[in-house]
Structures are given as C-alpha cells and as structure tokens.
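These notes are about the structure you will find just below.
The values are calculated or read from the model by the stated rules, or taken from the named source; none is laboratory data. As the structure is a prediction and not an experimental result, all values here were calculated from the model. Here the Cβ positions follow ideal geometry from the backbone for every residue, glycine too, while neighbour counts run over all protein chains shown. Protein only, heavy atoms only, side chains kept; ligands, DNA and RNA dropped before computing areas. Shrake-Rupley method; radii C 1.70, N 1.55, O 1.52, S 1.80 Å.
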Amino acid sequence: MDDVLVARVRSFNRTVTQRVGALGDRYLARDRPLGEARMLWEIGTEGCEVRSLRARLGLDSGHASRVLRALEADGMVRVQASPLDRRVRFARLTDAGLAERALLDRRSDELAGSMLAPLAAGQRHEIVAAMRTVQRLLTDATIEVREVDPRHPDAKRCLRAYFAELDRRSDIPFVPGAGVSAEPHELVPPAGCFLIAYLRGEPVGCGAVKHLPGGPSDIKRMWVAESARGLGLGRRLLAELESIARRSGAAAARLETNRALVEAIAMYRSAGYVEVPAFNAEPYAHHWFEKRLA
C-alpha cells in the first residue's frame, strides 16, 4: 500500500474525529460518548435485535453489551426477549430514550450546520459532494461477497425480495416456478454457485451461476436491494459470477431479463453483454444476452 495514501487517510481521520467531537466523553454536550449516542440512533423508534445492532455498528458482543448496559442503567433502553423469537435479544428505547434520541437529532443537525456555516455557497456544495463520494466508497469497501447455500435463510430472504420486485415491476404476475429452473441443487458446486453480498451483516444483494456441461454458464437471480444501489454492487456480483463461470471451463456467460429491469439491461450492455436470439423459453424474459469469457 502506498505510504503517502495511508498518511493522507490518517490525516483525514484525525480531522474528522476532532471536528465531530468523537474524542470526548460528552458528545453533543450530553453525558455520554459518541458510541452510546450512536447506539440510540441505531436502535431507532421501532427497536432492533441486538445481533443486528452489533453487525451494523461493527461491535463485538462484549463491547455491544457494555454500551447497552450503560444505556439501561441510565433508563434509556430496555433489552428483553424478542416477541417473535424468545431466543433473540431485542433492544427498545424507553420514553426517556426516545426523548434523548430526539434531542441528539436536533443537536446533530446544529453540529452539521456549524460545519457548513463558515463556508461560501460553492464550498458547501463542494464539501457535501465530497462527503457523498467518501460515504459511497467507504460503504462499498465494507461490502463482503460470500458463497452461500441457496437454502440458507439469507438466500431465501434475498430471493423473496427479488421475486417480489419482479412481480411488482413486470406487466404480468410473476410465478417463480413457472420460469426456467434455477433450483437450489443447481446452484451449489459443482453444478453452480450462489453468492450473497453483505453490508454490515445484512444481505443486500445476490446472484447465481448455473453451469451447463459443455456450454455457456447461465447467470441467474441477480438482485440488489434498493438501499445498496448506486454502489456498483451489481457489477461486482456479475464480475465474480463470470470469474466462477470461467474457472468452471465455460467459454461464455449468458442471461435473460425482463424489459422492465432497465437498470439491469444497461449494466449488462456496459459490461460487454451482446443481445442474442432467445436461447430458452423463459416466459418472463424479453431480452437474452451473451458474453464471451476470455
């Protein structure tokens, strides 16, 4: 890694942590550090599972427990069994916690305003645009793509969201079993592979490849959650699936898609896919694409 780049990142980190007040024990002039304030924000008005809080904030179980105990001692939080699953711990804000969270919101707005106030109008737009770029790139860097069994609960969750979006955007009702098969046994090695993209422990995208002996590999089940779009995740999943197809010995990758998925169609074309005649009888497809693999 370039030492100059590393030094610039460290300098940026020092400037930001000092400016936002992350170094003190009284964040936003309250009697708690930034970590406890952030926990209140993440729990939110509806509450949240403790395991999800750990994943979102990148905390180990011990650290998360200490923060929650401190908030419980202050009367801000109640941690109890989830109403849906007694084995799962669930954190919920008390009335005092909700009031504290609202106060922190107001003071956080004031802090953000104080950062922008000394700047000219053009500088304000410049710094906000730069922050948006930094946020996007840092978020992209935290996404982890893993190979997962398509029968795993996270895979089922992604597929339900994928099917629901197809049903919502297609001009005819979408019935998963009516199309070309992509059954779980076809999407595990050596027959194929199923990938899930995780952001802070939450599944936010998926994609699969189905190998055809002696022929091209089929790209299937490409989906990215709306909350993760704009990060280049679809292209990253596609590239990884192509690499898996290439390693399997396939000379080409191919896929079909619905005309309503205009963003996906644009991505496929920009990634080098060429429209070809229909190669299957997929009832929900309007476009068929193929790409030669180097």
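So here's what we get for this one:
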read-out	value
Residues of the stretch 101-111 classified as open to solvent by less than 50 Å² (accessible area, probe 1.4 Å) and out of contact with any helix residue (DSSP H, G or I) (no Cβ under 6 Å at 6 or more places or on another chain), total	4
Any hit, the stretch 113-136, residues being open to solvent by less than 60 Å² (accessible area, probe 1.4 Å), within 26 Å of LEU57 (Cα to Cα), under 21 Å from the mean Cα position of the chain (by Cα) and touching a residue at least 40 places away in the same chain (Cβ under 8 Å)	no
Qualifying residue in the stretch 255-265 (condition: among the small types (Gly, Ala, Ser), over 26 Å from GLY177 (Cβ atoms) and out of contact with any helix residue (DSSP H, G or I) (no Cβ under 6 Å at 6 or more places or on another chain))	no
Boolean, ALA239 is within 25 Å of ILE196 (Cβ to Cβ), within 18 Å of the chain's Cα centre (by Cα) and at pLDDT 95 or above	yes
Counted residues, the stretch 64-79 - those being among the aliphatic types (A, V, I, L, M) and open to solvent by 40 Å² or more (accessible area, probe 1.4 Å)	1
Scope the stretch 137-149; condition assigned to a helix (DSSP H, G or I) and either open to solvent by 100 Å² or more (accessible area, probe 1.4 Å) or touching a Pro at 6+ places or on another chain (Cβ under 7 Å) (or both); matching residues	LEU138
Failed item in (1) open to solvent by less than 40 Å² (accessible area, probe 1.4 Å); (2) closer than 20 Å to HIS286 by Cα; (3) in a helix (DSSP H, G or I); (4) aliphatic (A, V, I, L, M), with ALA164 passing the rest	(1)
Any hit, the stretch 271-284, residues being over 17 Å from SER181 (Cα atoms), within 22 Å of the chain's Cα centre (by Cα) and aromatic (Phe, Trp, Tyr)	no
Matching residues, the stretch 80-99, being under 24 Å from the mean Cα position of the chain (by Cα), open to solvent by less than 60 Å² (accessible area, probe 1.4 Å) and within 21 Å of ALA70 (Cβ to Cβ)	PHE90, ALA91
Within the stretch 150-161, considering residues that are open to solvent by less than 70 Å² (accessible area, probe 1.4 Å) and either out of contact with any Phe, Trp or Tyr (no Cβ under 6 Å at 6 or more places or on another chain) or among the hydrophobic types (A, V, I, L, M, F, W, C) (or both), the one nearest to VAL204 (Cα to Cα)	CYS158
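A quick yes/no check of all residues on (1) open to solvent by less than 10 Å² (accessible area, probe 1.4 Å); (2) in contact (Cβ under 8 Å) with a residue 12 or more places away in the chain; (3) aliphatic (A, V, I, L, M); (4) touching a Ser or Thr at 6+ places or on another chain (Cβ under 8 Å):
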| site | (1), (2), (3), (4) |
| --- | --- |
| VAL209 | yes, yes, yes, yes |
| ARG246 | no, yes, no, no |
| ALA252 | yes, yes, yes, yes |
| LEU261 | no, yes, yes, no |
